[in-house]
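Asker: Sharing a structure with you now.
The values are calculated or read from the model by the stated rules, or taken from the named source; none is laboratory data. Predicted model, so just to flag it, every value in this text is computed and none were measured. Positions of Cβ are backbone-derived with ideal geometry, glycine not excepted, and every protein chain shown enters the neighbour counts. To get the accessible areas, we keep the full protein, side chains included, count just its heavy atoms, and leave off ligands, DNA and RNA. Shrake-Rupley method; radii C 1.70, N 1.55, O 1.52, S 1.80 Å.
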Amino acid sequence: MILGVETSCDETAAALISADGKILANVVSSQADLHARYGGVVPEVASRRHLELISPVIREALHEANAELDDVELVGVTTGPGLIGALLVGVAAAKAIAWARRLPLAPVDHLRGHVASLYLEPDPLAPPFLCLLASGGHTMLLDVRERGRAPRVLGATLDDAAGEAFDKGARLLGLGYPGGAEIDRLARTGDPRAFEFPVARVPGLDFSFSGLKTALLYAVRELPPDELERRLADLAASYQHAIVRALVERTQQAARETGSDTLAVVGGVAANSELRAALPDAVLAPLELCTDNAAMIASAARFEEPIPYPGYLALDAYASSA
Ligand code: KG4
Ligand code: ZN
């Protein structure tokens, strides 16, 4: 079986999957509560928390899978992009386990991990497909041709990521962190047409969300406090509607331009109920695999060239791909 380890942001995660992609255990310990009072992830706090949680989380995954370290044949770990101190905790843990057992280790790119959330049982998706990756750190349209090859980037955000737009919008509305799920919940009782928020028109297949955030800021400023309270759900619904429209329009444009028959959506924002409903024909990552987890990392590890023992001891993490 394959052990996956993920610590790129504020989720400490470990998973065990079989070589053919069955999830045997998928443990995610979110630090969201720890960072909520700061309104966002504090990198140093995240690193320290990962350090406390990584061993118990791996042990929990083994327990859940009814397995032992002896059963592990390959270790896959996120090496980037992400918070560097957070990544290093997972990389150090993965190296230590692999080295002690003389196992191979596969470095996994976090974004390819999100895409590989589509390759797990019971309904693994086979390339080629067009993939919308929308998370807290990235918004991309990817042309996925092969499981083991880096996808071509057709479009990306010029400023904020879609999840970041959700999180910053939630903050303006006085909702908790992380904001995407909060806005999603509140939007259900609001009117998506109550406020007219602009969808940025940038050339090509890129995205832009910073103007939308500013539009929300102005709308919030114009409302007296009691009125703001009363219209919170309408604001959330209209704001969410604008983000979803931007994502859906660009994705459909990309599908037309590339002639892709199959469309898939992955990443934390893929958990959004309006986005899921707006793309009924798309292959949607299972809800529990949208936000960060290690099952997707273990899944991606299957398609990477593993580094044999002990060649990975000097393996490093990277904060960004560029
Ligand atoms: O993929 P992910 O867990 O982490 C990154 O790789 O960034 O994505 C986290 C992002 C956050 O911005 C969060 O607000 C957003 O996904 N998110 C949602 C929902 N659930 C999580 N956004 C909209 N609707 C949701 N239901
Ligand atoms: Zn992610």
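Asker: Rounded to the nearest 500 deg cm²/dmol, what is the calculated helix-only ellipticity per residue at 222 nm for the chain, with -39500 (n - 2.57) per DSSP H run of length n ≥ 4?
Answerer: So the helix-based figure for the chain works out to -13000 deg cm²/dmol.
Asker: Run the reach check for K213 against lysines, Cα to Cα strictly under 22 Å, same-chain hits fewer than 8 apart removed. What comes back?
Answerer: Result set, ordered by chain and number: K168.
Asker: State to the nearest 20 debye the size of the charge dipole of segment 1-156 about its Cα centre, where the only charges are +1 on K and R beta carbons and -1 on D and E beta carbons.
Answerer: About 480 debye.
Asker: If we restrict to alpha carbons, what Rg and Dmax does the chain come to, in Å?
Answerer: 19.8, 64
Asker: Only four residue types carry charge here, +1 at the Cβ of Lys and Arg and -1 at the Cβ of Asp and Glu. Report the dipole size of the chain about the Cα centre in Debye, rounded to the nearest 20.
Answerer: 400 debye
Asker: Moving on. Return the lysines within reach of K95: Cα separation strictly under 23 angstrom, same-chain partners fewer than 8 residues apart disregarded; answer none if there are no such residues.
Answerer: Result set, ordered by chain and number: empty.
Asker: Next up: Quick one: what do you get for segment 226-322 if you divide its Cα Rg by 2.2 N^0.38 Å?
Answerer: Relative to the rule-of-thumb radius for its length, segment 226-322 sits at 1.53.
Asker: Additional query: Of all accessible surface on segment 87-175 at a 1.4 Å probe, what whole percent is carbon and sulfur?
Answerer: That fraction is 53 percent.
Asker: Something else: With each pseudo-label sitting 7 Å past Cα toward Cβ, what's the R152-R102 distance in nm, one decimal?
Answerer: 4.4 nm
Asker: Hey, can you rank 108-118, 220-230, 67-77, 255-265 by average C-beta count inside 10 Å, highest first?
Answerer: 108-118, 67-77, 255-265, 220-230
Asker: Take every DSSP beta bridge whose two residues both sit in the chain, then give the antiparallel share in percent to the nearest 5.
Answerer: Here the share of antiparallel DSSP bridges comes out near 60 percent.
Asker: Just the accessible area per residue of segment 209-282, please: how many Å² with a 1.4 Å probe?
Answerer: Value returned for segment 209-282: 45 Å² of accessible area per residue.
Asker: Per residue, how large is the accessible surface of segment 12-83? Use a 1.4 angstrom probe and give square angstrom.
Answerer: Result: 48 Å² per residue.
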